[in-house]
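Below: the structure, in structure tokens.
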Amino acid sequence: MKGTETINYELEKNLEVTNQLDKMVGETVDSVLVNPDECWQPTDFLPDMSEPDAFDEVRKLQERAAEIPDTVITSLIGNMITEEALPSYQTYFNLLEGINPEGSLLSDRGWVRWSKAWTAEENRHGDLLNKYLYLSGRADMKAVEQTIHRLIYNGFDPKSEKDPYQAIIYTSFQERATKVSHVNTGKLADKAGDISLSRICKTIAGDEARHEKAYKSFMSRIFEIDPNGAVLAFEKMMRKQIVMPAVLMGKGGNNPTLFDQFSAITQKIGVYTGWDYARIIDHLVKLWRIEHLTGLEGRAAKAQEYLSGLADRYMRLADRLKTPDEISLAWLK
């Protein structure tokens, strides 16, 4: 079989294996994700505007936020905008082959339950950061809102070809990347003396860590059932490179290079860097024991060889990547 026939055969096989995980995924919803009545909500971290001292608390928040460097605020805004594009992420997940064949968000399938519960948890992140930034007085919220609008308007394409294997690899990578970004932002907030923002970032990072662990466990099971298909999907995603969720935030707008500016800032201040990208590849290669897989066939064996040396290749690229001397700040007052 060649070309389209091979692709269709591989996708059908991937769907069959993905369906085998449905029970596991449903159990993960119940054991890993949280009850809305019991978990944290954005208001737990912000001044209660119904209290008599609310404006005093807002003033204190603004005093703390005033000490945070512009670059960190800009990076934080970019992270928040990324989180706010959740409508696109849930739509994308439900459009994957085999995830929601009924086309119903009321389905009891484990994968559909996961997409809803995962999105619901993630939704708190954008809400919390958005409210913090609004109260801080540091952001041009109209410009921020326009960017969120445009990012959702433009949509989202991680180039996973509707293949659930590639999508789960993408989310395993991206949840870890998001966790790293929030952890590092929290450290910079600590350094600037804003303990409240630090706590916010670390709490969000904790959610991302749980989600990362779940997605990695789904993919680990796929590697056990279908190592040939799993390693081929891993190679495909890495050859295309991981597309960041907010990459289209500036497309069609007055500033089409907005995402590049945001990326340059995260690189310069160490929130998310080329080294982080390389380290995540290394982590996943080791977690899924790519170098130790046995019995791989033709293309899969070549994919194994490619993946085994990939982290080192990206680490060398990161070593040569020049930190931007000049950066453009966006979304600030």
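Bear in mind these aren't lab numbers, they're just calculated from the coordinates by the rules spelled out. If you're wondering where the values come from, they're calculated on a predicted model, not measured in any experiment. Every residue, glycine as well, gets a Cβ built from its backbone with ideal geometry; the counts of neighbours run over all protein chains shown.
Among 249, 103, 295, pick out the residue whose Cα is farthest towards the positive end of the charge dipole of the chain, where Lys and Arg carry +1 and Asp and Glu carry -1 on C-beta, about the Cα centre. Sorting the options by dipole projection puts first 295. Taking the inverse of the mean 1/r over every pair of distinct Cα atoms in the chain gives a Kirkwood hydrodynamic radius of 21.1 Å. A dipole drawn for region 52-320 from +1 and -1 charges on Cβ atoms has a positive end, and of 219, 304, 167 the residue lying farthest that way is 304. Taking the Cα centre of region 52-320 as reference, the dipole from Cβ charges on Lys and Arg (+1) and Asp and Glu (-1) amounts to some 440 debye. Cross-link partners for residue 213 among the lysines, with Cα-Cα distance under 21 Å and sequence neighbours closer than 8 places in the same chain left out: 23, 116, 179, 202, 286. Taking region 266-302, which trypsin sites (Lys or Arg not before Pro) meet the DSSP loop condition and have no more than 15 other C-beta atoms within 10 Å? Passing sites in region 266-302 are 289. Of the residues 96, 317, 248, the one that moves most in a GNM of the chain with alpha-carbon contacts below 10 Å is 317.
Summing +1 for each Lys or Arg and -1 for each Asp or Glu, what net charge is found among the other residues whose Cβ lies under 13 Å from the Cβ of residue 246?
Here the count lands on -2.
Once both labels are positioned 7 Å from their Cα atoms along Cα-to-Cβ, the gap between residue 289 and residue 43 label points is 4.9 nm.
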